[in-house]
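*Asks:* Quick one: this structure, given as structure tokens, is what I'll be asking you about.
No value in this document is a laboratory result; all are computed from the given coordinates. The shown structure was predicted, so the numbers you read here are calculated from the model rather than taken from an experiment. Ideal geometry is used to build each Cβ from the backbone, glycine not excepted, and the neighbour counts take in all protein chains shown.
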């Protein structure tokens, strides 16, 4: 709505560009010249059309009015991929933190956050229903009192008698690939998860080394050998080894509680590294990457969750691109990572990302000993 008559009916295109791979930064220079769009960066909504408020009949029976705070979400990918879900849902949580609840009035960690921290009233998700993991994360981010509508529900809301949905206060989050703004809000998120969902265990039960075993690609080809190595290196500790392979059908609480008990997380590149949001601060996340794959997401995200980030990169001789022999660079032997990163060569990056690897015993021993040294 606008009070300016000259804006009535004007359509404003949102900025949904996707550039600067692999950092995906907004095009600040373009925005500076062309005037920033009215919507957030990468909202995945096409834009907005202004209506002149005095001419709009809010009492009309053709309008459905949603009171209180609402959030509208649209995604570039509607699969079970957790990262694509989090890039928006986490921004919605930040909006809830700073806007809906007013930062200066936020309770301290030991307060009863459940009764003091206001939920969104309505969440409109323009996609099919989420997986259990996505839904569970959303329950924490949106608030336990939020009512969530998926695309089929939204379509039912708009009928022959209702042709518009209006909001008292609506937030349209953009995408934020680094997933946060620092330790403060990530710790508060974890506190809410503990108080509202019970995602916490006593310190004596935080004794797991969790290793994610990827089922179809990004596999650790010598996993049995690595498990024996980790067991021998951690003999003097109270840590137990847990190998997990969660599918999109796995329950949210099952996965979250696994992380609540985890001190060290080991996984090849992928969304499973984001499970560390439910690890208590001071944990270690070890990302395992194939040859010349260096996508800088998790080295930015993990420290914001309060953990140590460590990275292992396999040499070419220990990297197996899907469909090719071990140590083969497929069609991309002469491409640098920078060349692979260009959008027209996305397949190059994807092949490297999805490769299986063998972990070098000596090199991994060095990294894992570092992980033990910061945990104990």
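*Asks:* Considering the alpha-carbon set of the range 285-376 alone, what are its Rg and its Dmax in angstrom?
*Replies:* Answer for the range 285-376, Rg first and Dmax second: 14.5, 46 Å.
*Asks:* Hey, any idea what Rg/Rh is for the range 204-375, computing Rh the Kirkwood way over Cα pairs? Before the final figure, lay out each step's value.
*Replies:* On the way: Rg = 16.1 Å, Rh = 16.6 Å.
Radius of gyration relative to Kirkwood radius: 0.97.
*Asks:* Report, for the range 247-376, the % of DSSP beta bridges that are antiparallel, rounded to 5. Kindly include the intermediate steps, with their values, before the conclusion.
*Replies:* Values: 2 of 13 bridges.
Taking every DSSP beta bridge with both residues in the range 247-376, the antiparallel ones total about 15 percent.
*Asks:* Cut-off is 10 Å between beta-carbons; in what order do 168, 118 appear when sorted fewest neighbours first?
*Replies:* Numbers: 168 12, 118 15.
By the 10 Å Cβ count, ascending: 168, 118.
*Asks:* Sticking with this one: Using only Cα atoms, tell me the angle between helix 361-375 and the longest principal axis of the chain; keep it within 0 to 90° and round to the nearest 10.
*Replies:* Helix 361-375 and the main axis of the chain meet at about 60 degrees.
*Asks:* Next question. So which residue, out of 131, 319, 237, gets the largest mean-square fluctuation from a GNM of the chain using Cα contacts under 10 Å as springs?
*Replies:* 237
*Asks:* Consider all pairwise Cα distances in the range 110-191 and report the whole-number % of them above 16 Å. If you can, show how the numbers build up before the last one.
*Replies:* Details: 2130 of 3321 pairs.
For the range 110-191, the share of Cα pairs beyond 16 Å comes to 64 percent.
*Asks:* Rounded to whole Å, give me the distance from the Cα center of the range 312-328 to that of the range 171-205.
*Replies:* When both Cα centres are located, 36 Å separates them.
*Asks:* Given the options 233, 265, 72, which has the most mean-square fluctuation in a GNM of the chain, springs set between C-alpha atoms less than 10 angstrom apart?
*Replies:* Taking springs between Cα atoms under 10 Å, the residue moving most is 233.
*Asks:* Same structure again: If you wrap a convex hull around the alpha carbons of the range 164-281, what volume per residue comes out, as a whole number of Å³?
*Replies:* Per residue, the Cα convex hull of the range 164-281 comes to 166 Å³.
*Asks:* How far, in nm, would the chain grow between residue 62 and residue 235 when pulled straight, counting 0.36 nm per residue and subtracting the alpha carbon separation? Let's see the in-between values first.
*Replies:* Values: separation 173, 0.36 × 173 = 62.28 nm, distance 6.84 nm.
55.4 nm is the gain from fully extending residue 62 to residue 235.
*Asks:* For 100, 284, what ranking results if the residue with the fewest other Cβ atoms within 10 Å of its Cβ goes first? Working shown, then result.
*Replies:* Details: 100 20, 284 25.
Ordered from fewest to most neighbouring Cβ atoms within 10 Å, 100, 284 come out as 100, 284.
*Asks:* OK, next. Quick check: residue separation of residue 187 and residue 227 times 0.36 nm, minus the Cα distance between them. What number comes out in nm?
*Replies:* On the way: separation 40, 0.36 × 40 = 14.40 nm, distance 3.11 nm.
Separation in residues times 0.36 nm, less the Cα-Cα distance, equals 11.3 nm.
*Asks:* In µm²/s, what is D for the range 57-196 at 10 °C and 1.306 mPa s, where D = kT/(6 pi eta Rh) by Stokes-Einstein and Rh is the Kirkwood radius from Cα pairs?
*Replies:* On the way: Rh = 15.8 Å.
Rounded to a whole number, D works out at 100 µm²/s.
*Asks:* Let me ask you something else. Relative to the first principal axis of the alpha-carbon coordinates of the chain, what is the inclination of helix 82-95, with its axis defined by its Cα atoms, in degrees from 0 to 90 and to the nearest 10?
*Replies:* It works out to around 50 degrees.
*Asks:* Let me ask something else. Between helix 183-197 and the chain, what is the angle of the helix's C-alpha long axis to the longest principal axis, kept within 0 to 90° and rounded to the nearest 10?
*Replies:* Once rounded, the angle reads 80 degrees.
*Asks:* Also, quick follow-up: What would the Debye equation give as log₁₀ I(q)/I(0) for the range 286-331 at q = 0.32 Å⁻¹, counting only Cα atoms as equal point scatterers?
*Replies:* At q = 0.32 Å⁻¹ the computed log10 ratios are -1.12.
*Asks:* Can you tell me what share of the DSSP beta bridges in the chain is antiparallel? A percent to the nearest 5 is fine. Before the final figure, lay out each step's value.
*Replies:* Numbers: 5 of 41 bridges.
Beta bridges within the chain, antiparallel portion: roughly 10 percent.
*Asks:* Nearest 500 deg cm²/dmol is fine: what mean residue ellipticity at 222 nm does the chain get from its DSSP H runs of n ≥ 4 alone, each adding -39,500 (n - 2.57), divided by its residue count? Walk me through the numbers before you get to the answer.
*Replies:* Working: 12 runs with 112 residues, N = 376.
-8500 deg cm²/dmol, from helical runs alone.
*Asks:* What list do you get for 329, 287 if you sort them by fewest beta carbons within 10 Å?
*Replies:* Working: 329 18, 287 21.
Lowest to highest Cβ neighbour count: 329, 287.
*Asks:* So, one more: If the elastic network links every pair of Cα atoms under 10 Å, which of 135, 313, 203 fluctuates the most in the Gaussian network model of the chain?
*Replies:* Judging by the Gaussian network model, the answer is 203.
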